[in-house]
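A.B. asks: Attaching a single structure in structure tokens format; questions to follow.
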Amino acid sequence: MDLTVSSVSHRYGTVEVLRDISLDIPGGRILCIVGPSGCGKSTLLRMIGGLEMPSSGTVLHRGAPPEGCLNPLTFVFQDFALLPWRSVEGNISLALEDHPLSRAQKAELISDVLTRTKLSEFRAAWPRQLSGGMKQRVAIARALAVNPAVMLMDEPLSALDAQTRELLMDDLVTLWTRAPFTAVYVTHNLAEAVRLGHRIVVLSRRPGMIREIVEIDMPLEARCDGDPVLEAHKARLWKLMRDQAAAADMELQHG
Amino acid sequence: MADAGRPVPFRGGGFRPGRVRGVGLAVFVLLIALAEWGTRTGWISSLTLPRPSDVGATLLNLAHSGMLWTHLAPSLSRLVVGAALGISAGIGVGVLIGLFSLIRAGLIPLIAALFPIPKIALLPLFVIWFGIDEGSKYALIALGTFTPTVVATYGAVDNVDRTLIRMGQSFGLSWASIVRKIVMPGALPGILSGLRVSLAIGIILLVAAEMLGAEYGIGSYILQAGSLYDLERLFAGVVILSALGVATSSAIGWAERRLLDWRS
């Protein structure tokens, strides 16, 4: 399933957040959106996922979602959004309960995603017992359980420490190489963008506009930290963003 | 020059209330012992305070004669029925206020107007509306527990983490599922702590409810003793009410440990 964002603009009251964004999100690839803080990248993601209405413009999806897809547009949130009163298994089953699945089908789906995210031993654990990295693994498992057409990831690694982030990036790459999924990945971290993005969209500071779209052809599994090609991409992206990031930092927060 | 160094002074203590067993009981025992000693030595006159041992004897008598149960049974049934009506209506209305802007705008001022009314003042009116029998007593206790439950419930619903609700929507959960699986469990801690207040108010109103048209009941027992200035019986009744308060409070504590075991 492909997504098209066509001339989306948005304002909160008098503050213009996004201006005329048009984007193609091709299936089977990871698209990263980077930009200085407050440039509206998370807002754009929520619009792509139907959690927010743009002031003007539309987001279209074309083609049918894959077989067995329960929730075509599925989010992974920065703060994990796990229900503290449900176990790991219960949190995953939450996403399945509103669908007509038999008990056995649900159990099979849950076991499958727990295995894929290496969480099988933690099936019965409470979220409070898990580290940040484990919590995000649970959230990723929950997203995988509904077999999404597009994963919408809103700074999924930003609440984690650098080492955990590195490990989870490897896990995401493994998951993707085993079964390529479509993803829109919002981040402010350029290292994540160049490691995971097939295509990187750079937004300007508020009002967010597309400044540049960078394609990285290197296959995900061949990328590693410190690779000269990736470092060059990263340096170039940082040059594009640097002044804007500094200026954005000085702005007052609106809402 | 040879400075051996001094240890850094520790200043991180306190502000961490823990669970200390037996102290609550010790405070009770100490106060009762003090009253017993005071009344025996004549330091406290028998008009000021009855002797605790006499109150105990009165209680034992009451229990032996079977009158304790005769008084307790109607009071308990009034409390249970009245509080069940008030609390279930309160939770229902509170959740509606928490979920719908229109209901919130319409009802919050009404609740604010109802809350400070001393419900006892309405008892004569309730007697006319609901009859002098059990009806008016249920109504008084129900109204008294209703308002604090509403306020606690909508506060608790307001405090449910919005990102969890967004998450539910992002997975395409139905409205009913979001309310049942996300809003209600998230509001439960706040609702339960509101129930402590509501039930205490219910016990207070029990005595008021039995002021009119009650032959038996802890409240009427206390009121009779009060009008005769029979301090032993008055205090015996008060002890029963206190015990009721401790019992409801520990019942809620038990419910919290059972239902909120995910918290710690």
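The values are calculated or read from the model by the stated rules, or taken from the named source; none is laboratory data. This structure is a prediction, so every number in the text was calculated from the model and none was measured. Note: ideal-geometry Cβ built from the backbone for every residue, glycine included; neighbour counts use all protein chains shown.
A.B. asks: If residue A:68 meets every condition in (1) more than 10 Å from chain B (Cβ to nearest Cβ); (2) closer than 29 Å to residue A:249 by Cα apart from one, which number is that one?
C.D. replies: (2)
A.B. asks: Here's another thing I want to ask about it. Applying the selection to region B:43-53, what residues are surrounded by fewer than 17 Cβ atoms within 10 Å (Cβ to Cβ) and either farther than 13 Å from residue B:238 by Cβ or among the small types (Gly, Ala, Ser) (or both)?
C.D. replies: B:43, B:45, B:46, B:47, B:48, B:53, listed by residue number.
A.B. asks: I'd like to check which helices (runs of 4 or more DSSP H) are fully inside region B:130-218 and have at least 2 residues that are away from every other protein chain (no Cβ under 14 Å) and of a type in the set (Phe, Trp, Tyr).
C.D. replies: B:134-158
A.B. asks: Name the residue that is modelled with the highest pLDDT, counting only residues in region A:78-125 that are farther than 21 Å from residue A:156 by Cβ and within 8 Å of another protein chain (Cβ to nearest Cβ).
C.D. replies: Of everything passing the filter in region A:78-125, A:85 is modelled with the highest pLDDT.
A.B. asks: A further question follows. So which helices (runs of 4 or more DSSP H) are wholly in region A:101-187 and hold at least 3 residues that are under 25 Å from residue A:34 (Cα atoms) and touching a residue at least 60 places away in the same chain (Cβ under 8 Å)?
C.D. replies: Those helices (runs of 4 or more DSSP H) span A:132-145.
A.B. asks: With region A:5-97 as the region, which strands (runs of 3 or more DSSP E) entirely inside it contain at least 3 residues that are surrounded by 19 or more Cβ atoms within 10 Å (Cβ to Cβ)?
C.D. replies: So the answer is A:15-25, A:30-34, A:73-76.
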